[in-house]
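The values are calculated or read from the model by the stated rules, or taken from the named source; none is laboratory data. Computed from a prediction, not measured in an experiment: that's the story for all the values here. Cβ atoms come from the backbone with ideal geometry, glycine included; neighbour counts cover every protein chain shown. Accessible surface is based on the protein model in full, side chains and every heavy atom, while ligands, DNA and RNA are left aside. Shrake-Rupley method; radii C 1.70, N 1.55, O 1.52, S 1.80 Å.
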Amino acid sequence: MDNHSYHHSYNYPSDCTPLTNCKSARKPAGSTAVNMGNVGQNPPRDYIFWSLCNTLYVNFCCLGFMALLYSIKARDQKTQGNLELAQECSDKAKWYNILAAGWNLLIPLLAVVLLVLLLVHLGSSQGSFDFLGEDGLQNFLKLFSW
């Protein structure tokens, strides 16, 4: 026997290697892109629940309704991936909610303060009325009788 060493060389097409199926390797390679958005940045809040509560309270100048509109718009823009416009709408919804909540707290607070001031004034004036005593209701009704 000859001591010739035989070298076999296999020629593969450039898109086919020994460990892959040559049929699948000949297909044009597709690509899959996954849009991660702004990684690390939290998406803007939409304040939808707060807006809904302010809307149901029916406050001055429909501030709660305006907040609800901007909350819905912020949620829509966030769903569509437009985070800049979603942030703008989120900020507007937040400020309308703050104004509506402030107004919702201010009116009852003013009513309580005025009632307390009225009772203090009437209690310290001449012929003071005892609203909390035995004849309290009659004395209170005398204020409105002519």
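Quick look at the values:
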quantity	calculated
Integer Hz, Karplus 6.51/-1.76/1.60 couplings in order for region 47-55, x for Gly and Pro	6, 5, 5, 4, 5, 5, 4, 5, 5
Ranked order, ARG45, ARG75 - accessible area, probe 1.4 Å, largest first	ARG45, ARG75
Relative pair counts by distance (%), Cα atoms of region 66-119, 5 Å bins	5, 22, 18, 13, 10, 8, 8, 7, 5, 4, 2, 0
Exposure rank, largest accessible area first [ASP46, ASP91; 1.4 Å]	ASP91, ASP46
Area accessible to solvent at TYR70, 1.4 Å probe radius, in Å²	50 Å²
In nm, spacing of pseudo-spin labels at LEU117 and PHE65 (7 Å Cα→C-beta vector)	3.1 nm
Neighbourhood charge, 13 Å Cβ-Cβ cut-off, centred on LEU85 and excluding it, Lys, Arg +1 and Asp, Glu -1	-1
